[in-house]
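Every read-out reported here was derived from the displayed coordinates using simple, explicitly stated rules and does not represent laboratory data. Nothing here was measured: the structure is a model prediction, and the numbers come from that model. Glycine gets a Cβ as well: all are built from the backbone with ideal geometry, and neighbour counts include every protein chain shown.
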Amino acid sequence: MDQQRKQLKRAIFDLQKITVNRCFEPTEMCSKPAIRAHSIQNSGILGQLSDNGHVIMPKLHSNGGKPELVFTIVGRNKATTFTGLCGDHDARIFEPIDKTPIDSRNEEHLFLLAYRSVLREVHAVATGAVKNQLGYQEKVALGLIPGDVPTSDGMRAVAFIANAYESYLYKRKFDTAYTAGEYSNVQHVRLFEDGYLPTIAVSALFSLDDIPVEDDVARIALNVFPSGRGVSVVFSFLANEAPHVLPFLQPFISASGETLLQLLSVRILLSCENFVLCPRFWKDVGPSRRQAIAGLFSASLSKEVPVSDLSPVLLFSKRLG
């Protein structure tokens, strides 16, 4: 049995290297190989956050054979990339927000920010579904669990597949809006806080699991990026889900200053995994604050953490003077 578990451990870490490699462009007819496409604008946004060409990201590492989440330094050109688009479609679809500064008053720009977050998330959950299914099959092959009766491993693999399918159906709504140029099918809540340093960028899609919408749940795309002398925040959601989403967003809409950014920091750590931090910020916050940030993010991966139980965390720094 010990030998089988050692084999399983090796297999699990091999599975961490697996990624789905296909172009998720809106017609789904492209057969060109996927590239490492950026989900956050490289030159304009990552360039502002990077220090000597590097940023900080959360990553899964092996610590003596045990998975451990750490915040680690990553080369800017590799940060936030996903193999979900070919080079042609990545350039063609997102040229408006890659070649020029993002304009938060431009409906097309806001739609494309959200669309990229959706594509990246669909790629991530599809990859997760593949890894979990293969991990389940590996346990069955090693004789560690039965393959002909329901088990927690089998049910978890099915849950990952179901989530991937629901995320794919959500993506198709964005595909339709993009193809038709109907950007108003997606609505946005735009917030801006002046006087803050460029410390973080986020491109993520998260679900509100306790807010059902038809056969799915409500979902929100969140983009955070440096803008001028402050920070821009854009929450995006399908127009028909606005009645469900806007009450959830009301605390953010009503807040301002450090209160808003603390709420936003907690939400990022609870619900998002695709974000980068400025290395200078990460160094300056000190060990205890780094531990609090990493601890909250790690806890959120295994269970929902009640916001009322949280100590304030802040992923932003105010400019001096």
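Checking the Cα-Cα distances for Lys59/Lys283; Lys78/Lys99; Lys78/Lys131; Lys131/Lys283 against a 25 Å cut-off, the pairs over it are Lys131/Lys283. Isolated cysteines of the chain, defined as having no other cysteine beta carbon under 4.7 Å away, are Cys272, Cys278. Just check region 186-309 against the gyration tensor rule for me: Cα atoms, a ≥ b ≥ c as the square roots of the eigenvalues, rounded for a/c under 1.5, and otherwise prolate or oblate depending on whether a/b exceeds b/c. Oblate.
Between Asp148, Asp175, Asp194, the residue with the greatest mean-square fluctuation in the GNM of the chain (Cα pairs under 10 Å linked by springs) is Asp148. Principal axis extents of the Cα atoms in region 77-135, from largest to smallest and rounded to whole angstrom, are 44, 20, 19.
Within the listed set Lys59, Lys32, Lys283, the Gaussian network model of the chain (springs between alpha-carbon atoms below 10 Å) gives the highest mean-square fluctuation for Lys283. Under the criterion of Cα pairs below 8 Å and six or more residues apart, the relative contact order for region 186-309 equals 27 percent. Under the combined filter of DSSP loop state and at most 15 neighbouring Cβ atoms within 10 Å, region 145-214 retains these GluC sites (Glu not before Pro): Glu182, Glu214. Ordering Val217, Pro247, Leu191 by Cα displacement along the dipole of region 186-309 toward the positive end leaves Leu191 in first place; charges were set at the Cβ atoms of Lys, Arg (+1) and Asp, Glu (-1).
Between the amide H of Leu69 and those of His61, distances stay under 5 Å, these residues lying 5 or more places away or on another chain, with hydrogens modeled in the peptide plane.
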